[in-house]
4 protein chains.
Amino acid sequence: MPKALLDKVTVAIGGATGYGGVELIRLLSRHPGVRVTYLASASSAGKRLEEVYPHLAEYGSPETLDSRLQALEPKAMAEAAQVVMFALPAGKSAAIVPALLKADVKVIDGGPDFRLHDPAAYPRWYKFDHPAPELLKEAVYGLPELHGEKISTASLVAAPGCYPTGALLAIAPVLKSGLIKPQIIVDSKSGISGAGRTALSLPYHFTEATEDVSAYGLPAHRHLPEMQQEASLLHSGGKSETAITFTPHLMPMVRGIFTTAYADLAEPATDNSELSTLNSQLTDCMKQFYAGSPFVHVSEQLPHTKWTAGTNHAFLSARVSADGSKAILFSVIDNLVKGLAGQMVQCLNLMCGFSETAGLEGRAVYP
Amino acid sequence: MPKALLDKVTVAIGGATGYGGVELIRLLSRHPGVRVTYLASASSAGKRLEEVYPHLAEYGSPETLDSRLQALEPKAMAEAAQVVMFALPAGKSAAIVPALLKADVKVIDGGPDFRLHDPAAYPRWYKFDHPAPELLKEAVYGLPELHGEKISTASLVAAPGCYPTGALLAIAPVLKSGLIKPQIIVDSKSGISGAGRTALSLPYHFTEATEDVSAYGLPAHRHLPEMQQEASLLHSGGKSETAITFTPHLMPMVRGIFTTAYADLAEPATDNSELSTLNSQLTDCMKQFYAGSPFVHVSEQLPHTKWTAGTNHAFLSARVSADGSKAILFSVIDNLVKGLAGQMVQCLNLMCGFSETAGLEGRAVYP
Amino acid sequence: MPKALLDKVTVAIGGATGYGGVELIRLLSRHPGVRVTYLASASSAGKRLEEVYPHLAEYGSPETLDSRLQALEPKAMAEAAQVVMFALPAGKSAAIVPALLKADVKVIDGGPDFRLHDPAAYPRWYKFDHPAPELLKEAVYGLPELHGEKISTASLVAAPGCYPTGALLAIAPVLKSGLIKPQIIVDSKSGISGAGRTALSLPYHFTEATEDVSAYGLPAHRHLPEMQQEASLLHSGGKSETAITFTPHLMPMVRGIFTTAYADLAEPATDNSELSTLNSQLTDCMKQFYAGSPFVHVSEQLPHTKWTAGTNHAFLSARVSADGSKAILFSVIDNLVKGLAGQMVQCLNLMCGFSETAGLEGRAVYP
Amino acid sequence: MPKALLDKVTVAIGGATGYGGVELIRLLSRHPGVRVTYLASASSAGKRLEEVYPHLAEYGSPETLDSRLQALEPKAMAEAAQVVMFALPAGKSAAIVPALLKADVKVIDGGPDFRLHDPAAYPRWYKFDHPAPELLKEAVYGLPELHGEKISTASLVAAPGCYPTGALLAIAPVLKSGLIKPQIIVDSKSGISGAGRTALSLPYHFTEATEDVSAYGLPAHRHLPEMQQEASLLHSGGKSETAITFTPHLMPMVRGIFTTAYADLAEPATDNSELSTLNSQLTDCMKQFYAGSPFVHVSEQLPHTKWTAGTNHAFLSARVSADGSKAILFSVIDNLVKGLAGQMVQCLNLMCGFSETAGLEGRAVYP
């Protein structure tokens, strides 16, 4: 996309008024190489952005943001933008993407429509037959720490779900290196913004959700097949399956996913000195894996979700269990940034030749 | 204690101004068979209760509560009360209990000083040599759902820690029945009141703790040996060890512990129909085990901590993992009630011949 | 109601599955003199209580609670109960109450349908013509601290709104005594449970409501006319109007209303010694006014809403402003208890000759 | 400061590890014209920033931030920086500032030491005799919306307290224009981060502060004299006093101050049409006053603190009370940004000739 070198890249956002969309707007309108030229909102087309989000009153400028909310119309989006970024519910982007690609527009999809390589997975997990199964081979799973190179040349990137992002960042190094066995328990704790803005239902009502912790999504949450697909790739290049047990929990907070993953060590520690050695080995393995990743930090200290609020950063830690048998792997991310909009911008940066951190500078608004 | 039949049982509370103490006061002052005759507070002796807790202004009556805060003095406590209930930090009650027992006073200890049967565990886990190791054999682990009969005739009861209560309630039925293997992962999510009232430290500062989830206490939290002791008893009558991997997490809420426990099924499911059968088997096993327990409820629906707020009730659920290999066991409790003060009152009821639910009636303040 | 002396009073609850209804159930099922014989729920008739509120699984007994959810049907309710208590939205009870009264059933209405004496106020403030205007004269405003005597002989009691309860408790003593002028600013801060359970709307969505404070209801909230009616009665026996400026605010918490009321002192302080004298005078005036009220506590210390959580208690304070010109009057209540269900039970106690505190014993679940 | 034109302005931060300090770091390290060359921390000198704030691991670069924590040493700070910005408790900067000014360093003080023009106010309100009273005449009150011009040429700027910022923004336009009388009630609702990071005390303990609202600081909070000083300037150029009644409240949230101010209208409305006209007049007056202010937005809709999270923006609204007698003026700010660090950066921008919004771009991290 040589235009990026000459001028700003033009971007359209599909699903601009959801929490993912408004995060894209927040990040892209400060991005030095981007101009947001089209905001599509099925529910609010015809309004202006600040009518839906009053905190964006008098925001944006012709150089950064066209704040009209328009129809989710592929032709208009293709005319307005070089890249289209979607933050839509399952099944919504699949119908539109082929037309965009044909019009030579690059697509970064924040939804699940192009994450799974196997077309048969869609009716099973998402209850729709995929309208463009041929694109599933072409689409790249947009986790830059795993697939950075492919993302940089892709036309269609499917950004991972928030839970898989947290889980895969935690397990990738030690799974790939063979330090753990491929039976993994992923116990995830998420803030409530993951449920989105428009689905007003009782469990997300303030009075019900605050001062409460619960689990949901069993036996099998929709994010499980992504985890399995990518874990299998890490473990055996996709040749053999991995067994992931995934339990998502809701936490009484807005943002953040804390992932605690458990797996048997390939070679358990049999005494304290081995345990200590293994501890270092796990941490070193993580540090090495993410040495070139500007957003992933491996620390001795167990991480806090608050460290990531509003940012694309992830913090990881590893511990051997007290009995020496298991690796316990920790990660924290902001589910709406590294788990959604920020990751999409990171992909955009790779696809357009920007610095990987462009528009994603800065750290948590703390406390 | 036949006096209970004639008159009210007199109770002294040691550690009355901590969160455990004030919960004991809340519960006991409405208990139909109890008169609280002595409140001991090392930090606030000489004050009145309402100076420390203004919400207790003009509270209590001679028949229910003497609201003076007095010294933590065993002789005075023995004179004032038939039963002494302690909610003190580790190492504080062990020095006092022998004198109380000698004075024919019954003791219910909410701290860890008499929970572990092995004296050698104290220097290792709690950094003190136990001053009365002979009592460790006599003391009964105060989890009524496991040791109700022994509790009812005991003079010294050691109420379990909050995390072990949640974990043991979840795993006891299926571990005892042999449905799961004795390698268990306990992933616990606790509200912040577990940290108590007086230890003002940065992680519990509102601005740091709210909108945050973190893990702590690794490699081995002090509540681990209790879990192992009791799990081993359940599994093999204490003959062989169990391996528990325990990871406590802090949640941004006041009350509640959500426990998610994972263990390999003794006989995994190999197809969907077996999986469904196993699901029912796990639930039925739990239901049967707790059939006579007024405070433990087994439900198909995954539980919420909010269901337990302010009560001695626990809600449990069980699921087989998506791949059929594991049991996932859930429990919720209020850490300050079933995890501390309520459980102590439940033990008191058994020890004094009251109805098991006396003083513990009612359900959650909801929402 | 002589039946109360012989046996338990039978009570029906209209609107049993809202937050007000479930609070009535919580309080009444532990009330020593009450049997809840009928739960009416327009939305959930046919279900059982525990299907809507799983925390009430295996709850109640024939002596305390019939947990079937039934139709909101006056005839059936009159057959089942001596007293009907309503926790319904505006306009719902007015249509039913006449039939109940005719059937010699006493009614305690938690909604606004019988609070205002002036029929013309209903179309203006609640957008409906009152179907039984003649009952507005008969109905007693159910704030026991102001109208205890009338309540005890009433057949129809209209329990106040949550905001008016907090405001009137704070201002009543000093307004009645003439210490302040009748132009009063009421700045109220409420938890979100006041919005109820069923009205799922964006402002009460967890992600929107947490970490947020806002004001609403201007220029004139529906609770304003009650405040004016009662303030005018306090000030001049209803002969002259008072001017109340009322601004409700939403706080990111479940329960509690903190009221800060401001009014010019009838005789301002002109120096520090007068200011100090006036301070005591305000506090003493409050203390004297509430000397016989078991639920109202006047303290030197500024109150906290947390002191009231789950209880029918109110805490009040008063201060003279730094410049000596104004009284600042504070109150805290639990909006769902003293602001709704607890107050209704307090009225029931007066109407049935129970102790005023029956079923309302105990203090806050703290912290 | 012509150096700004040639190169980046070098800035030292005094009090770098408090919440104000870490906000300055967050904002300045993304400021295009600034290099942070010195972080002073009395409590943590010798450590690195990321040891105190792990979320800042691997943060900063030589061009933006020297992340060593050093002594609070004026000489070293003057050598390292052209501008020193303080976020220190009361009484700490006054002793250091004279030396810095002598060394030709500009100072922006976030504390109260130079806010009040009257030296006699310091022993009264802050319990210390001012060591440099002659500087109080020179220091400019750093509220750019009121004193922008003076700030731009000042050497010493005293940024306002968080409460005064919220209050003055709300009342300035209508007070200056004479639309309201100068007797004003300021009812402020603040998040808990205003209490800072190091003062660990019981009221800010998570379990005590969450689910609670309270008032404090009566009869006279330290922020009152600033409000009076500036209100008097607005009303009469400082010739006559204004009477402000100020009641700060604590809200269970991290960030944000919601200010509700009440004042009698100079000319009350006597009917509905006048009321409506006055409503527009108040809003228009505000809009006009802030027409040139990039951070202040006047809206018809009542504002939410969440709109400002992490930003230097303020949202205002105005309403006439239902009886036509009073103006009700609303403002929301983020207490740590517009109420502290952001305002200091805004002052820096004016003092150094940067764009007023430099380093303060972007909007709330929402939700």
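Assorted remarks:
- Criterion (in contact (Cβ under 8 Å) with a residue 12 or more places away in the chain and either surrounded by fewer than 17 Cβ atoms within 10 Å (Cβ to Cβ) or within 11 Å of chain A (Cβ to nearest Cβ) (or both)) met by exactly one of B:Phe246, B:Phe206: B:Phe246
- Condition met for B:Ala90 (over 20 Å from B:Asn335 (Cα atoms) and surrounded by fewer than 22 Cβ atoms within 10 Å (Cβ to Cβ)): no
- Summed over the stretch C:79-102, the residues that are over 15 Å from C:Thr37 (Cα atoms) and either free of Cβ contacts under 8 Å to residues at least 24 places away in the same chain or of a type outside the set (A, V, I, L, M) (or both) give a count of 6.
- Flag if A:Leu218 is surrounded by fewer than 24 Cβ atoms within 10 Å (Cβ to Cβ), in contact with a Lys or Arg (Cβ under 6 Å, 6 or more places away or on another chain) and of a type in the set (A, V, I, L, M): yes
- Any chance C:Ser193 is of a type outside the set (A, V, I, L, M), within 10 Å of another protein chain (Cβ to nearest Cβ) and surrounded by 23 or more Cβ atoms within 10 Å (Cβ to Cβ): yes
- Just one of the listed residues (B:Cys352, B:Cys347) is away from every other protein chain (no Cβ under 12 Å), modelled with pLDDT of 95 or more and farther than 25 Å from C:Ser29 by Cα, namely B:Cys352.
- Going through (1) of a type outside the set (Lys, Arg); (2) outside any strand (DSSP E or B); (3) over 28 Å from B:Ser317 (Cα atoms); (4) under 25 Å from the mean Cα position of the chain (by Cα) one by one, C:Ala16 falls short only on (3).
- Look at (1) crowded, with 24+ Cβ neighbours inside 10 Å; (2) within 21 Å of B:Pro74 (Cβ to Cβ) and you find that B:Cys162 fails only one, number (2).
- Qualifying residue in the stretch B:263-285 (condition: at pLDDT 95 or above, closer than 30 Å to C:Met253 by Cα and either within 14 Å of chain C (Cβ to nearest Cβ) or out of contact with any Pro (no Cβ under 9 Å at 6 or more places or on another chain) (or both)): no
- Of all residues making up the stretch C:27-44, the number that are part of a loop (DSSP other than H, G, I, E, B) and hydrophobic (A, V, I, L, M, F, W, C): 1
- Summed over the stretch A:146-190, the residues that are of a type in the set (Val, Ile, Thr), in contact with a Pro (Cβ under 9 Å, 6 or more places away or on another chain) and within 14 Å of another protein chain (Cβ to nearest Cβ) give a count of 1.
- Residue among A:Ser273, A:Ser299, A:Ser280 that alone is among the hydroxyl-bearing types (Ser, Thr, Tyr), assigned by TED's automatic domain parsing to the domain that holds A:Ile180 and in contact with a Ser or Thr (Cβ under 7 Å, 6 or more places away or on another chain): A:Ser299
- Number of the condition not met by A:Lys239 [criteria: (1) among the charged types (D, E, K, R); (2) free of Cβ contacts under 8 Å to residues at least 24 places away in the same chain; (3) touching a Lys or Arg at 6+ places or on another chain (Cβ under 7 Å)]: (3)
- Among the residues of the stretch A:333-367, those that are under 12 Å from the mean Cα position of the chain (by Cα) and of a type outside the set (Gly, Ala, Ser) comprise A:Ile333, A:Asp334, A:Asn335, A:Leu336, A:Val337, A:Lys338, A:Leu340, A:Gln343, A:Met344, A:Val345, A:Gln346, A:Cys347.
- Only one entry in C:Lys3, C:Lys47 is out of contact with any helix residue (DSSP H, G or I) (no Cβ under 7 Å at 6 or more places or on another chain) and at pLDDT below 95, namely C:Lys3.
- Residue list for the stretch A:100-137, filter: surrounded by fewer than 22 Cβ atoms within 10 Å (Cβ to Cβ), closer than 28 Å to A:Ala170 by Cβ and among the acidic types (Asp, Glu): A:Asp118
- Sole residue being buried (at least 23 other Cβ atoms within 10 Å of the Cβ) and over 19 Å from C:Gly342 (Cβ atoms), chosen from C:Leu24, C:Leu49: C:Leu49
- On inspection, D:Ser201 qualifies as small (Gly, Ala, Ser), at the interface with another protein chain (Cβ under 7 Å from one of its Cβ atoms) and free of Cβ contacts under 8 Å to residues at least 12 places away in the same chain.
The values are calculated or read from the model by the stated rules, or taken from the named source; none is laboratory data. The model shown is predicted, which means the values in this text are computed figures rather than measured ones. Note that each Cβ is placed from the backbone with ideal geometry, even for glycine, and that neighbours are counted across all protein chains shown.
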